[in-house]
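Working notes, structure below.
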Amino acid sequence: MTEVEQTPALIVDRATALRNIERLRDYSQQHGLRVRPHTKTHKSLEFAVEQIKAGAVGLSVAKAGEAEVMSQVTDDVLVAYPAIDGPRVRRLAALAVTKTIRVAIDSPAGVAILDDAATEADSTIGILVDLDVGFHRTGVQSSDEALAIAQAVARSKSLRLDGLFFFPGHLRDSVEPQISKLRQVDAIVLDAIDALERSGLHVSIVSGGSTPSLYQLHHLKAITEIRPGTYVFNDMSTVAGGYCKIEDCAARVTATVISTAVPGKCVVDAGTKTLAADRNSVRPESGFGYVVEYPDAKIVRLTEEHGEIDITGCDHSPKTGDRLTLIPNHICPCVNLQAIAWTRNLDGSLQPLRIDARGLIS
Ligand SMILES: Cc1ncc(COP(=O)(O)O)c(C=O)c1O
């Protein structure tokens with residue numbers, strides 16, 4: 001089968017995804033960086049295996065359910081999220097009996113609850129102390145706070161201090177301004193390393209990263225591991241930031257034109273329940289994605305099952321029943337919405353793609 005029978009359908013082009021994975025492999029080898037991809041983008045063992053084949057040292061996840069799924073294909077999982085509530089922590093502690101599990105945290109409460117759970121499970125959990133380097137979402141606000149958490153880990157019974165963690169989500173500029181902001185990130189990380197090492201604590205891992213700043217991360221002196229997620233498939237936000245090209249977008253939605261009754265518009269069978277409702281993070285005014293066959297069209301409004309496309313700027317119009325290819329603004333929530341998805345193989349055939357960790361949000 002080379003075409004899907006039913007739409008809307010998310011189709012991942014394997015050749016493009018593999019090219020994205022290989023680009024990262026080459027970059028990381030060139031700069032001596034370890035790669036631990038964030039699997040929240042594809043949520044699938046199929047692509048996790050490809051990342052491992054390309055040299056990933058382990059995988060990153062956000063949730064315990066994702067850790068359970070991804071540990072089927074790796075022995076080494078980083079929970080890049082402050083997993084500090086009871087049930088979640090107990091699941092991670094159980095996983096840590098047979099796997100290397102690390103968690104990034106920014107609170108003394110996190111140390112206490114993870115230590116109790118690991119002690120109860122008779123396992124050891126590695127800890128990375130989360131630093132706020134400018135995104136202002138999570139992360140300790142000073143090296144003193146980082147040191148206090150690190151010391152609490154060092155005093156704990158069943159935790160192991162492994163290092164530091166940060167998420168540079170505020171770096172969404174073009175390359176030049178990123179480099180000066182990365183110097184500020186570096187200063188924060190180096191200061192924290194200094195504080196810990198002066199107190200006799202060893203920092204063996206410094207984990208950071210995100211797709212927009214991915215290929216600038218070698219400018220950071222202290223980073224040892226990079227943790228991008230979106231790079232594997234890319235999306236229109238990544239394109240708008242100039243971090244990839246349209247042809248690097250591996251995951252696209254095939255949709256059918258279901259109405260052309262309203263002048264100036266066509267409507268497709270893909271709304272927020274297919275594409276997700278995210279605006280483009282770099283160009284919010286650009287609509288809800290990109291129509292490959294009609295580059296001058298604009299997806300102006302989404303309701304749950306309808307995508308309304310303004311075609312007044314196009315020199316010809318789609319007809320009812322036509323199929324269109326849409327690239328979402330944010331591929332990660334789009335993937336998470338699909339009960340059925342497809343991989344386009346190198347020979348053009350389609351095979352079902354399992355989104356193994358789909359909907360695992362705890
Ligand atoms: C903590 C953390 N690390 C890494 C990533 C990966 O970032 P990106 O998808 O931009 O590559 C994310 C994305 O949400 C994240 O929250």
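The values are calculated or read from the model by the stated rules, or taken from the named source; none is laboratory data. Keep in mind it's a predicted model, so treat the numbers as computed, not measured. Neighbour counts run over all protein chains shown; Cβ positions are idealised from the backbone, glycine included. In case anyone asks, the SASA skips ligands and DNA or RNA and just uses the protein heavy atoms, side chains included. Shrake-Rupley method; radii C 1.70, N 1.55, O 1.52, S 1.80 Å.
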| List E46, E225, E5, ordered by accessible area with a 1.4 Å probe, largest first | E5, E46, E225
| Cα-based Rg and Dmax for the chain, where Dmax is the largest Cα-Cα distance (Å) | 21.7, 71
| note | The answer for the chain, accessible area per residue at 1.4 Å probe in Å², is 42
| aspartates and glutamates near K319 by alpha-carbon distance under 17 Å, same-chain residues fewer than 8 away left out - which ones? | D269, E293, D296, E308, D310
| message | Out of the total accessible area of the chain (probe 1.4 Å, heavy atoms of protein only), what percent is carbon and sulfur? | response | 50
| said: How big is the dipole moment of the chain about its Cα centre under a simple scheme where the beta carbon of each Lys and Arg is +1, that of each Asp and Glu is -1, and everything else is neutral? Debye, nearest 20, please. | reply: 240
| Residue among S317, G169, G307 farthest towards the positive dipole end of the chain, charges placed on Cβ | G169
| message | If I ignore ligands, DNA and RNA and count only protein heavy atoms, how much of L92 is accessible to a 1.4 Å probe, in Å² to the nearest 10? | response | 0
| If you average over every viewing direction, what projected area does the convex hull of the Cα atoms of the range 17-173 give, in nm²? | 9.4
| How much accessible surface does D347 have with a 1.4 Å probe, in Å² rounded to 10? | 120
| note | To the nearest 0.05, the calculated FRET efficiency linking R34 and S349 through their beta-carbon distance, R0 being 35 Å, is 0.50
| field | Gyration tensor over alpha-carbon atoms, the range 295-362, equivalent ellipsoid semi-axes in Å | value | 27, 18, 10
| query | Which one of A112, L131, I101 is farthest out on the positive end of the charge dipole of the range 95-192, using unit charges on Cβ (Lys, Arg +1; Asp, Glu -1) and the Cα centre as origin? | reply | I101
| request: Could you order peptides 324-331, 254-261 by the average number of other Cβ atoms within 10 Å of their residues, highest first? | output: 324-331, 254-261
| field | Mean residue ellipticity (222 nm) of the chain, computed from DSSP H runs ≥ 4 via -39,500 (n - 2.57), nearest 500 | value | -9000 deg cm²/dmol
| field | Computed over the range 177-290, the ratio Rg/Rh where both radii use C-alpha atoms and Rh is Kirkwood | value | 1.17
| request: Mind checking which lysines have their Cα closer than 17 Å to the Cα of K43? Skip sequence neighbours fewer than 8 apart in that chain. | output: K53, K63
| So for the range 1-72, taking the charge dipole from beta-carbon charges (+1 Lys/Arg, -1 Asp/Glu), which of T39, V61, Q29 sits furthest toward the positive end? | Q29
| field | Ranked by how many other beta carbons lie within 10 Å on average, peptides 275-285, 232-242 from highest | value | 232-242, 275-285
